[in-house]
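Peer 1: Submitted below is the structure of interest, expressed as C-alpha cells.
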Amino acid sequence: MKAEYIDHLGSDLTVVNAARVSMDKESAWLPSGAVTDYEGVKYQKGNKVLPEGDKRLLKYLATHNHWTPFSHPQITMRETVPIFIARQRFKHMVGFTYNEVSRRYVDDEPEFYVPDVWRSRPDGSIKQGSGDQEVTEIPNPWTDNLYKVDVKHFYKQHIEACSSIYDSMLLAGVAPEQARMVLPQSMYTSYYVTGSLSAWARAYKQRIDPHAQVEIQDLAKQWGSVISPLYPESWEALTR
C-alpha cells in the first residue's frame, strides 16, 4: 500500500490569513536561514517561517475547532491500496474528491495484497478489529473440513485461481466490466484523492486510532509523512 504525493496548494500562511481576514488583517513570512523542500516542491515560501503570533493562532484555531481556515489548503495524493481498504477510505467524503481506476476500461493483470500475518478475531463481544493471535491453519472447505491447510498457501491458491478465471473470461470475449466480478477484495486499486487540509487531518485522526484496522492505520501514517512537511505548524496543531 502506498500514498504518493502529487500536488498541493497553500501553506501555513494561507491558513493564518484565511483566519485574519475576518479582521481585515494580513500576516507575512519572517525570513529564515533554512530551506526545506518535499519532492522538489518548495514549501513555506522557501526561506521563510511564521511569526510566533501566527503559530499561536494556528494552535488556537485547531483547539477551538475553527476548521474553515484549514479548509483552504488542498493536497492531492495517489493512493494504491486493496479494495477492502479503499472502501473504508471512501467513507471520508466531506472535503475530499476521488477519481479511481476503472476495470470497466482497464483489463491488465491484477495485483493482490498479501498480509504478513492473518490475525485472529477479537475476544468477547467486540464485533470489529483483530485479536492478538496469529491464525496459521484453517479447515479445508473442499474436504468437509476434515483436514486443515496452511492459510497463507490456501490464500495464494485462491487468488491464483481468481486471476486464472478472470484471464479466461477475457480470452473468451467476456466484457471487462463483467469479468471483474470474479476478482477478490484483496485486489489493488488506485485513485487520485484531493482534499482540504482540515479533511485530511480529520481522516488522519480517525484512521490513526489504535481501534482502526491495522492496514488503514499504515495508510494514515503515510498521509502524515506527506502532509507534515508541507504544513508543519498547521498539521501539528490539528493532530497533536
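Throughout, read-outs are computed from the coordinates displayed, never taken from laboratory work. In this text the structure is predicted, and so the values were computed from the model without any measurement. Please note: Cβ atoms are built from the backbone with ideal geometry, for glycine as well, and neighbour counts cover all protein chains shown.
Peer 1: Pairs of lysine in the chain with Cα under 21 Å and at least 8 positions apart or on different chains: total?
Peer 2: Going through the chain pair by pair, I get 18.
Peer 1: A further question on this structure: Using only DSSP helix segments of four residues or longer, with each worth -39500 (n - 2.57), what per-residue ellipticity at 222 nm results for the chain after dividing by its residue count and rounding to 500?
Peer 2: Values: 8 runs with 89 residues, N = 240.
Only helices count here, giving -11500 deg cm²/dmol.
Peer 1: Please compute the net charge surrounding Val81, taking Lys and Arg as +1 and Asp and Glu as -1 over other residues with Cβ under 10 Å from its Cβ.
Peer 2: On the way: positive: Lys2, Arg87, Arg89; negative: Glu79, Glu215, Asp218.
That sum, taken over residues with Cβ under 10 Å, equals 0.
Peer 1: Follow-up question, since we're still on this one. Quick one: net charge around Arg180, please, counting Lys, Arg +1 and Asp, Glu -1 for every other residue with C-beta under 10 Å from its C-beta. Display every interim value, and only then the final one.
Peer 2: On the way: positive: Arg103, Arg104; negative: Asp107, Glu177.
Once positives and negatives cancel, what remains is 0.
Peer 1: Please report the equivalent ellipsoid semi-axes of the stretch 100-240, computed as sqrt(5 x eigenvalue) of the Cα gyration tensor, largest first, in whole Å.
Peer 2: Numbers: eigenvalues 237, 130, 23 Å².
Ellipsoid half-lengths, sorted descending, are 34, 25, 11 Å.
Peer 1: Moving to a separate point now. Restricting to Cα pairs below 8 Å that are 6+ residues apart, what does the relative contact order work out to for the stretch 113-182? Please round to a whole percent.
Peer 2: Details: 56 pairs, mean separation 12.2, N = 70.
That works out to 17 percent.
Peer 1: Just to be sure I follow the definition: excluding the sites themselves, where is the longest run in the chain that has none of the chymotrypsin sites (Phe, Trp or Tyr not before Pro) in a DSSP loop with at most 13 other Cβ atoms within 10 Å?
Peer 2: On the way: sites that count: Phe90, Tyr105, Tyr147.
Answer from the scan: 148-240.
Peer 1: Here's another thing I want to ask about it. Could you work out which residue, out of Leu13, Leu171, Leu61, moves most in a Gaussian network model of the chain, that is, has the largest mean-square fluctuation with Cα springs under 10 Å?
Peer 2: Leu171
Peer 1: Give me Rg/Rg_expected for the chain, where Rg uses Cα atoms only and Rg_expected = 2.2 N^0.38 Å with N residues.
Peer 2: Working: Rg = 22.8 Å, N = 240, 2.2 N^0.38 = 17.7 Å.
Compactness ratio reported: 1.29.
Peer 1: Pick from Asp12, Asp54, Asp107 the residue whose mean-square fluctuation is largest in a GNM of the chain, springs joining Cα atoms under 10 Å.
Peer 2: Asp107
Peer 1: Please work out the Kirkwood hydrodynamic radius for the stretch 81-166, using every pair of different C-alpha atoms, and report it in angstroms with one decimal place.
Peer 2: On the way: mean 1/r = 0.0616 Å⁻¹.
About 16.2 Å, per the Kirkwood formula over Cα pairs.
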